Amino acid sequence: MRFVALAVVVALGLALAGQDSAADLSDCPKMGPGNADSVERCTRSLEGRAIERYQMKQFDLVVETCEQAIHLSPRRHLCYFLRGSARLEEGDPDGAIEDYNRVIALKPTSDEAFFNRGQAYSTKRAPDRAIPDYDRAIELRPQVANYYYGRGRAYDSQGQIARAIQDFDQAILLAPDEAQFRFRRGLAYRKSGDLRRAIQDYDQAIALKPDFARAYLCRGDAYRELGDETRAQQDYEQAIKQDPSLESE
């Protein structure tokens, strides 16, 4: 499942890199809201630490650190976003949705929060809840390929294949070198019965990512459906070569 936390975290980490982080973090849990300057410094230090821990994939520690920051500064949206993203990574979409709700309440123009909440709903297999969030993310920032890709997958899960293909088209237009986008459009074309166009997308996905085992597997399936057993077997062999675990499928 793709979501935008990592890119946002990296950007925020760069933004915070030059800021004062001299606060004694050991005092942060004991600090109250009375000293505004100290609370501000401490909160920023905690945010910086949460970003570092996110980049290190220490998601449980991200949650812990963000809870300290939120206790000090409950009106700052950053740590709700980070905590929500960590919860999503840890397989807690409900907790993530709660945090993204808070981000959106504090910053209604956060396209990242709308998209990630959509991803959380998709994780819960609730495309009807996810699609309005993808719509809003796209409305706020229409040049992000992943937003169309996420909505396309949601449409696909609903059986709205034509709409899914339209969104995959737009994702590919914005990010033509992304093999996964072409692969997913190939899957959608196969569902629609257009095996030739599916194979064309698998071809392009493999050209972009020659070790894309599942693309070989699905292209093999498409060739088999067309009655080309020779090419199907060649693709199955290549798929297993790239990923031996596929032999059991």
Among (1) under 28 Å from A239 (Cβ atoms); (2) crowded, with 24+ Cβ neighbours inside 10 Å, Q200 falls short only on (2)
Just wondering, is there one or more residues in the range 114-128 that are surrounded by fewer than 16 Cβ atoms within 10 Å (Cβ to Cβ) and either more than 20 Å from A154 (Cβ to Cβ) or without any contact (Cβ under 8 Å) to a residue 24 or more places away in the chain (or both)?
no
Working only within the range 62-106, note down all residues that are of a type in the set (D, E), surrounded by fewer than 20 Cβ atoms within 10 Å (Cβ to Cβ) and closer than 26 Å to R125 by Cα.
E89, E90, D92, D94, E98
In the range 149-164, which residues are in contact (Cβ under 8 Å) with a residue 12 or more places away in the chain and more than 19 Å from the chain's Cα centre (by Cα)?
Q158, I161, A162
If we ask which residues in the range 139-176 are closer than 18 Å to R197 by Cβ, surrounded by fewer than 24 Cβ atoms within 10 Å (Cβ to Cβ) and acidic (D, E), their number turns out to be 2
Residues to consider are L174, L187; find the one that is modelled with pLDDT of 95 or more and touching a Cys at 6+ places or on another chain (Cβ under 7 Å).
L187
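The values are calculated or read from the model by the stated rules, or taken from the named source; none is laboratory data. As the structure is a prediction and not an experimental result, all values here were calculated from the model. Every residue, glycine as well, gets a Cβ built from its backbone with ideal geometry; the counts of neighbours run over all protein chains shown.
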